[in-house]
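First up is the structure itself, then whatever we jot down about it.
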Amino acid sequence: MRTSLIPLIAALASLCGCTSMSPTTTQIYPDTAPTDDRVAIRKMLRDNAAALSTGDPSALAKFYEQDAIQLPPNAPAVIGWQAIRSTLESGFKGIKVTETIQIIEVSSSYRWAFARGTYRIVTTPQGGGEPTVATGNWLNILRRQPDDSWKIARSCWSSEEQPGNVVEPPPHHTVKGS
């Protein structure tokens, strides 16, 4: 069971936050994106995190480019939406996920944007057992689509060890909150 949680927690880390600030997140930078972009990106990231918590990887497809790439910690890159989806499907087996994120910074230019923040993912075995908590930092690079919406093009995250909890790297990066 623990082995199957590693890819999921890694994927989920990119999707959540709302943790206590660590030394790497204590300085808050102002958003530099135009207001419309900032609002749209923050909403998309929150919706993405909510979709992740449903446990249905197909609900996440609309938030990612087909050639999206995830860069999980201590693991090879996951290239393309189908590979990301496969990682999520295997990771969701037998667990319930509760994810939250905090969006700390959003910056955009005409076609590209980045957003960064913190996440907190709690995974609970569906058959009972102790929940596992993972926290850390995430960074998403987004690309403006022809309809002016934003999708995740690249995603990476890092994990912070929590005393008394098993923390494993999350395989997916999405966002909720702020």
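The values are calculated or read from the model by the stated rules, or taken from the named source; none is laboratory data. Just so it is clear, the model here is predicted, and its values are computed rather than measured. No Cβ is skipped: glycine too gets one built from the backbone with ideal geometry, and neighbour counts run over all protein chains shown.
Which residues, counting only those in the range 72-94, are among the hydrophobic types (A, V, I, L, M, F, W, C), at pLDDT below 95 and out of contact with any Gly (no Cβ under 8 Å at 6 or more places or on another chain)? Even if it seems obvious, please write down each step before you answer.
From the range 72-94, those among the hydrophobic types (A, V, I, L, M, F, W, C) are 75, 77-79, 81, 83-84, 88, 92; that's our starting set.
Now restrict to residues that are at pLDDT below 95: 75, 88, 92.
75, 88 - these are the residues of the range 72-94 that are among the hydrophobic types (A, V, I, L, M, F, W, C), at pLDDT below 95 and out of contact with any Gly (no Cβ under 8 Å at 6 or more places or on another chain).
Output the number of residues of the range 62-80 satisfying the condition of being in a helix (DSSP H, G or I) and surrounded by 20 or more Cβ atoms within 10 Å (Cβ to Cβ). First the steps, then the outcome.
First pass over the range 62-80, keeping only residues in a helix (DSSP H, G or I): 62-63.
Still in the list and also surrounded by 20 or more Cβ atoms within 10 Å (Cβ to Cβ): 63.
Number of matching residues: 1.
List every residue pair whose Cβ atoms sit under 7 Å apart, with the two residues 6 or more apart in sequence or on different chains, where the first one lies in the range 29-51 and is closer than 14 Å to residue 140 by Cα and aliphatic (A, V, I, L, M) and the second, anywhere, is part of a helix (DSSP H, G or I) and modelled with pLDDT of 90 or more.
Partner pairs satisfying both residue conditions: 44/63.
Wholly within the range 111-178, which strands (runs of 3 or more DSSP E) include no fewer than the required count, namely at least 3 residues that are modelled with pLDDT under 95 and of a type in the set (A, V, I, L, M, F, W, C)? Give the derivation first.
Details: elements: 112-125, 132-144, 150-160.
Output list is empty.
Taking the stated definitions as given, is residue 59 without any contact (Cβ under 8 Å) to a residue 12 or more places away in the chain, of a type in the set (Gly, Ala, Ser), surrounded by 15 or more Cβ atoms within 10 Å (Cβ to Cβ) and closer than 24 Å to residue 126 by Cβ? Before you say what the answer is, go through the steps one by one.
Working: without any contact (Cβ under 8 Å) to a residue 12 or more places away in the chain: yes; of a type in the set (Gly, Ala, Ser): yes; surrounded by 15 or more Cβ atoms within 10 Å (Cβ to Cβ): yes; closer than 24 Å to residue 126 by Cβ: yes.
Against the criterion (without any contact (Cβ under 8 Å) to a residue 12 or more places away in the chain, of a type in the set (Gly, Ala, Ser), surrounded by 15 or more Cβ atoms within 10 Å (Cβ to Cβ) and closer than 24 Å to residue 126 by Cβ), residue 59 qualifies.
I need the full set of residues from the range 68-103 which are closer than 17 Å to residue 156 by Cα, over 15 Å from the mean Cα position of the chain (by Cα) and in contact (Cβ under 8 Å) with a residue 40 or more places away in the chain, in order please.
If the condition is that a residue be closer than 17 Å to residue 156 by Cα, over 15 Å from the mean Cα position of the chain (by Cα) and in contact (Cβ under 8 Å) with a residue 40 or more places away in the chain, then 74, 75 are the ones that fit.
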